[in-house]
Structure formats: structure tokens, C-alpha cells
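S.K.: Below is one structure. I have some questions about it.
The values are calculated or read from the model by the stated rules, or taken from the named source; none is laboratory data. Here the structure is a predicted model, which is why all the values come from computation and not from measurement. Here Cβ is always computed from backbone atoms with ideal geometry, including for glycine, and neighbour counts include all displayed protein chains. Each accessible area value is taken on the protein alone, full model and side chains, heavy atoms only, with ligands, DNA and RNA left out. Shrake-Rupley method; radii C 1.70, N 1.55, O 1.52, S 1.80 Å.
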Amino acid sequence: MISYTETNNIAYVTLSRPEKQNALSVEMFVGLDKAINTIAKNKTIRAVVLQGEGAHFCAGLDVKSVLKKPTGIVKLLRKWLPGNANLVQRVVLGWQSLPVPVIAKISGNCLGGGCHIALGADIRIADNSAQFAIMEAKWGLCPDMGGSLLLPATMNKDKALLMTIHAERITAQQALEDGLITELCDDTDARINQLLAQFSSRSPDAIAAIKKVYNRAYNQPSRKLLWLETWSQIKLLKAKNTKIAMKNAGTTEHDKKPFLPRMKW
């Protein structure tokens, strides 16, 4: 369900589950992780294009698919040390570790986990059909895919908080204004091909050095934040208000249950 190809020293990583709007299964997380490792070992790769097959980039986590096997949840979230990245965090942050530019080509739905994965790219090129959402708050949870390390370099704090708390979709134009995407254009293929030609005309060593320096300048220290994301999610999964939020997510406004007082944070 993850397609990996190389053409003219460009790696194309495609989320290939169009019948489900490329919603993420455990196998897709594993496939993305493998693709990142494959690219990291290949010194001839000059750039990466991360895309979805069909009309949508990614509709987020396929909850039914993931919950079929309890071991799947363990595979996604386990980590050897608190500050290490687990699988869901690696498929976001792993693109940042590559010494080449990573371009996300975005159309249609780019929601939840899909939005986090796109955030891991260095450059996000979207067309007008694109819609974005960070959706965890809708189910009483918090984002835990490593986005806390990347959002400060792309969005102002107020915009990031608003998008994360209201958990509703925003248009591509709004995403551009908020800094979530790099460019909005009618012909994403033409623009990406133009960028790839420009990148290929530059020294790969210079590009690797620039990316390393800028990542250090813009990104937050990672280990404490990665642990805080995971610990917060574990705490929320046990919370009574989370159960209420999950039930409320599928009901009308009239039938929603009131929340309890918040726990101590």
C-alpha cells in the first residue's frame, strides 16, 4: 500500500490505497518507515516526492483497520526509551532526517495523520481541492505524531492552537495564509517538476548542509517533546472526558453529553 519508485534520481513515495482515500493502516506506517530508510541509504537520490494516489493525499488513520489487531496499536506507539520516536512519529519526523529536499504534493483530503505526514515534508505544494485538518481533539485526544516539533517552524502559535483545538477542516487558501503549506497552484505537477530541476542543478552536498543547518535552527529539541506527546496521549486515553468526547463525536449537538471538570495537568 506504499509504492516506492526512483526516476532520474528522484524518489517517489506514494500512499496507494485510493479506495480508502489513502487512509493509514499499520502496514502503511511500516511501508513509509521502510521508504525513509531506503532513501537514507541511497546517496544518489536528489529529492523526494511524497504523494497520494488518486484524488486525495490521505484521509488520516483508518481506525477500523488499526483496531482489528490489538498488536497494531502496540506496533504504532511502542518505544524503547521515552524520548525516542515511535513508529507514528518516525513517519513524520523521518523526512526531516533525510539529507535531500522532500516535497509533499497535496490534493483533496489531507486530514489527521495525513496532515501530520505532510507536515514532515520540507515543502508542501497544494492545489485548490486540498483540505487540511488536525483532528485528534474531536475524539478527546492530542496530536502525538511529532508535529509539536515542526509546527513552530511553520505556523504562529495562535494559528496552530486554533487549528488543533477546533479540529475542523480548513481550505487550501487558509492553509497558505496560516503558513501550513508552502505554495498553492493550479498545476502541482508542473511546479514540482520545476523545483526538482532546480534542486538537481545544485550541489547535493550544499543542499544536505543547508537542510541540516536550517533544521537545527528551526526545530525544537526533540526528546522531551516526543515523550510529552506520548505521555499526554496515554493519559488522555485513560480519561473519562475522552470517552465522552468519542461518544459526542458521532451525535447531534442536542444529544452531546457535558464534559467533567478537567484533570490535573
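S.K.: So Lys138 clears everything in (1) under 26 Å from Arg191 (Cβ atoms); (2) out of contact with any Lys or Arg (no Cβ under 9 Å at 6 or more places or on another chain); (3) of a type in the set (Lys, Arg) except one condition, right? Which one?
M.R.: (1)
S.K.: Do we find that Arg124 is in contact (Cβ under 8 Å) with a residue 40 or more places away in the chain, within 13 Å of the chain's Cα centre (by Cα) and in a strand (DSSP E or B) in this structure? So that I can check it myself, show each step before the final result.
M.R.: Working: in contact (Cβ under 8 Å) with a residue 40 or more places away in the chain: yes; within 13 Å of the chain's Cα centre (by Cα): yes; in a strand (DSSP E or B): yes.
When the stated conditions are applied, Arg124 passes them.
S.K.: Filter region 236-255 down to the residues that are surrounded by fewer than 14 Cβ atoms within 10 Å (Cβ to Cβ) and more than 13 Å from Glu136 (Cα to Cα) and list them by number.
M.R.: Lys238, Lys240, Gly250, Thr251, Thr252, Glu253, His254, Asp255
S.K.: Quick check on Asn219: is it open to solvent by less than 40 Å² (accessible area, probe 1.4 Å), out of contact with any Lys or Arg (no Cβ under 6 Å at 6 or more places or on another chain), modelled with pLDDT under 95 and not assigned by the TED database to the domain that holds Asp122?
M.R.: Values: open to solvent by less than 40 Å² (accessible area, probe 1.4 Å): no; out of contact with any Lys or Arg (no Cβ under 6 Å at 6 or more places or on another chain): yes; modelled with pLDDT under 95: yes; not assigned by the TED database to the domain that holds Asp122: yes.
Judged against the criteria, Asn219 is not a match.
S.K.: Assess whether Glu136 counts as being without any contact (Cβ under 8 Å) to a residue 40 or more places away in the chain, crowded, with 19+ Cβ neighbours inside 10 Å and of a type in the set (D, E, K, R).
M.R.: Values: without any contact (Cβ under 8 Å) to a residue 40 or more places away in the chain: yes; crowded, with 19+ Cβ neighbours inside 10 Å: yes; of a type in the set (D, E, K, R): yes.
It is true that Glu136 is without any contact (Cβ under 8 Å) to a residue 40 or more places away in the chain, crowded, with 19+ Cβ neighbours inside 10 Å and of a type in the set (D, E, K, R).
S.K.: Which ones in region 95-111 are open to solvent by 10 Å² or more (accessible area, probe 1.4 Å), closer than 20 Å to Pro152 by Cβ and small (Gly, Ala, Ser)?
M.R.: Across region 95-111, the qualifying residue is only Ser97.
S.K.: For region 158-215, give me each residue that is of a type in the set (A, V, I, L, M, F, W, C), under 19 Å from the mean Cα position of the chain (by Cα) and open to solvent by 80 Å² or more (accessible area, probe 1.4 Å).
M.R.: Taking region 158-215 and keeping what is of a type in the set (A, V, I, L, M, F, W, C), we get 160-163, 165, 167, 170, 172, 175-176, 180-181, 184-185, 190, 192, 195-197, 199, 206-210, 213.
Next, from what is left, pick out any that are under 19 Å from the mean Cα position of the chain (by Cα): 160-163, 165, 167, 170, 172, 175-176, 180-181, 184.
Across region 158-215, the qualifying residues are Leu161, Leu162, Ile165.
S.K.: So which of Asn42, Asn8, Asn22, Asn84 ends up being open to solvent by 60 Å² or more (accessible area, probe 1.4 Å), assigned by the TED database to the domain that holds Gly146 and either among the polar types (S, T, N, Q) or under 17 Å from the mean Cα position of the chain (by Cα) (or both)?
M.R.: On the way: Asn42 fails: open to solvent by 60 Å² or more (accessible area, probe 1.4 Å); Asn22 fails: open to solvent by 60 Å² or more (accessible area, probe 1.4 Å); Asn84 fails: open to solvent by 60 Å² or more (accessible area, probe 1.4 Å).
Of Asn42, Asn8, Asn22, Asn84, the one residue that is open to solvent by 60 Å² or more (accessible area, probe 1.4 Å), assigned by the TED database to the domain that holds Gly146 and either among the polar types (S, T, N, Q) or under 17 Å from the mean Cα position of the chain (by Cα) (or both) is Asn8.
S.K.: With respect to Ser129, determine if the residue is small (Gly, Ala, Ser), surrounded by fewer than 22 Cβ atoms within 10 Å (Cβ to Cβ) and over 24 Å from Ile207 (Cβ atoms).
M.R.: Working: small (Gly, Ala, Ser): yes; surrounded by fewer than 22 Cβ atoms within 10 Å (Cβ to Cβ): yes; over 24 Å from Ile207 (Cβ atoms): yes.
Yes.
S.K.: Is it the case that Gly114 is closer than 30 Å to Lys256 by Cα, modelled with pLDDT under 95 and in contact with a Cys (Cβ under 9 Å, 6 or more places away or on another chain)? Can you show your working first?
M.R.: On the way: closer than 30 Å to Lys256 by Cα: yes; modelled with pLDDT under 95: no; in contact with a Cys (Cβ under 9 Å, 6 or more places away or on another chain): yes.
In short, no.
The rows are residues; the columns are (1) in contact with a Ser or Thr (Cβ under 8 Å, 6 or more places away or on another chain); (2) assigned to a helix (DSSP H, G or I); (3) in contact (Cβ under 8 Å) with a residue 40 or more places away in the chain.
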position	(1), (2), (3)
Asp205	no, yes, no
Lys211	no, yes, yes
Tyr214	no, yes, no
Lys224	no, yes, yes
Trp231	no, yes, yes
Ile234	no, yes, no
Asn241	no, yes, yes
Met246	no, yes, yes
Trp265	no, no, no
